[in-house]
1. Among the residues that make up the range 27-46, is at least one of them at pLDDT 90 or above, crowded, with 18+ Cβ neighbours inside 10 Å and hydroxyl-bearing (Ser, Thr, Tyr)?
2. Name the residues in the range 135-153 that are more than 20 Å from Gln79 (Cβ to Cβ) and touching an Asp or Glu at 6+ places or on another chain (Cβ under 7 Å), would you?
3. Within the range 54-82, can you find the residues that are β-branched (Val, Ile, Thr) and modelled with pLDDT under 95?
4. Could you tell me how many of the residues in the range 110-134 are closer than 17 Å to Thr12 by Cβ and either touching a Leu at 6+ places or on another chain (Cβ under 7 Å) or crowded, with 19+ Cβ neighbours inside 10 Å (or both)?
5. So the check is Cβ under 7 Å with 6+ separation or different chains; which pairs have a first residue in the range 8-22 that's farther than 11 Å from Glu128 by Cα and a second one that's surrounded by fewer than 16 Cβ atoms within 10 Å (Cβ to Cβ) and of a type outside the set (Ser, Thr, Tyr)?
6. Determine which member of the set Gly60, Gly82 is farther than 22 Å from Val110 by Cα and either assigned to a strand (DSSP E or B) or not charged (D, E, K, R) (or both).
7. So, in the range 125-140, of the ones that are out of contact with any helix residue (DSSP H, G or I) (no Cβ under 9 Å at 6 or more places or on another chain) and in a strand (DSSP E or B), which residue ends up modelled with the lowest pLDDT?
Amino acid sequence: MYLDTHDYPFITNLEKCFAEIRQECLALPGTTFDPWVQKEMYGEGWSVFGLVAWGHQIEGALALCPETKKALEAIPGLQTAGFSRLAPGTHIKPHRGWVENVYRLHLGLVVPENCAMRVGEETRSWEEGRCLVFDDTSEHEAWNHSKSDRLVLLLDFLRPGCSPTNNAEMPPEVRQMLAAKLSRGSRGRE
């Protein structure tokens, strides 16, 4: 289910920072994006550049994106953040997230035509400079049928009334990726 962005006042400021965030994302070398580990959901073509992992800042990554870091610091209950890239022809299969205490937000940075996301029964396209907020535990899928990359700032923030404690079991491959990012994050990208 998609949520009304007007219910989250911090989104106005985030959208105002769009140009700076987009510029920092585009300045990152493509080799700094890592493939998302759950390849059974998409095969090839989905990669991420992590900035915040379950409340822990990835300092080396944030140092490359100081304006994005400032914008993220203004988001209450921020749990995760990063740049998400879908290569041309990528389809993330229908799936459900496992974390019930957060909502997911996408800020469209580079959005070619023929890219969209279905959450529940509703399909929407991203818009550059605009946010979408949705319940990641609802079935959702995304695709890029264009000839260029789709880029968004992806983040998770606490649902109203929820604490950071996550009782859901994180998939082992995600836990391993998280540990690796946090261990190298204080030293920068290797």
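The values are calculated or read from the model by the stated rules, or taken from the named source; none is laboratory data. These numbers were taken from a predicted model, which means no experiment stands behind them. In this analysis, Cβ positions are derived from the backbone assuming ideal geometry, glycine residues included, and neighbour counts consider all displayed protein chains.
1. For the range 27-46, residues at pLDDT 90 or above, crowded, with 18+ Cβ neighbours inside 10 Å and hydroxyl-bearing (Ser, Thr, Tyr): absent.
2. Answer for the range 135-153, where residues must be more than 20 Å from Gln79 (Cβ to Cβ) and touching an Asp or Glu at 6+ places or on another chain (Cβ under 7 Å): just Ser146.
3. Start the filter on the range 54-82 by keeping residues that are β-branched (Val, Ile, Thr), which leaves 58, 68, 75, 80.
Ile58, Thr80 - these are the residues of the range 54-82 that are β-branched (Val, Ile, Thr) and modelled with pLDDT under 95.
4. Going residue by residue through the range 110-134, those that are closer than 17 Å to Thr12 by Cβ are 127-133.
Now narrow it down to the ones that are either touching a Leu at 6+ places or on another chain (Cβ under 7 Å) or crowded, with 19+ Cβ neighbours inside 10 Å (or both): 128, 131-133.
Qualifying residue count, the range 110-134: 4.
5. Once the first residue is farther than 11 Å from Glu128 by Cα and sits in the range 8-22, its partners that are surrounded by fewer than 16 Cβ atoms within 10 Å (Cβ to Cβ) and of a type outside the set (Ser, Thr, Tyr) give Phe10/Ala74; Phe10/Pro76; Asn13/Ala74; Cys17/Glu67; Glu20/Glu67; Ile21/Glu67.
6. Working: Gly82 fails: farther than 22 Å from Val110 by Cα.
Testing whether each residue is farther than 22 Å from Val110 by Cα and either assigned to a strand (DSSP E or B) or not charged (D, E, K, R) (or both) leaves just Gly60.
7. First, pick out the residues of the range 125-140 that are out of contact with any helix residue (DSSP H, G or I) (no Cβ under 9 Å at 6 or more places or on another chain): 125-127, 134-140.
From what is left, the residues that are in a strand (DSSP E or B) are 134, 140.
Numbers: Phe134: 96, His140: 93.
The residue in question is His140.
Okay, residues lined up against (1) part of a loop (DSSP other than H, G, I, E, B); (2) among the hydrophobic types (A, V, I, L, M, F, W, C); (3) under 16 Å from Leu151 (Cβ atoms); (4) out of contact with any Cys (no Cβ under 7 Å at 6 or more places or on another chain):
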{"residue": "His6", "(1), (2), (3), (4)": "no, no, no, yes"}
{"residue": "Leu26", "(1), (2), (3), (4)": "no, yes, yes, yes"}
{"residue": "Val48", "(1), (2), (3), (4)": "no, yes, yes, yes"}
{"residue": "Lys70", "(1), (2), (3), (4)": "no, no, no, yes"}
{"residue": "Pro88", "(1), (2), (3), (4)": "yes, no, yes, yes"}
{"residue": "Pro94", "(1), (2), (3), (4)": "no, no, no, yes"}
{"residue": "Leu107", "(1), (2), (3), (4)": "no, yes, yes, no"}
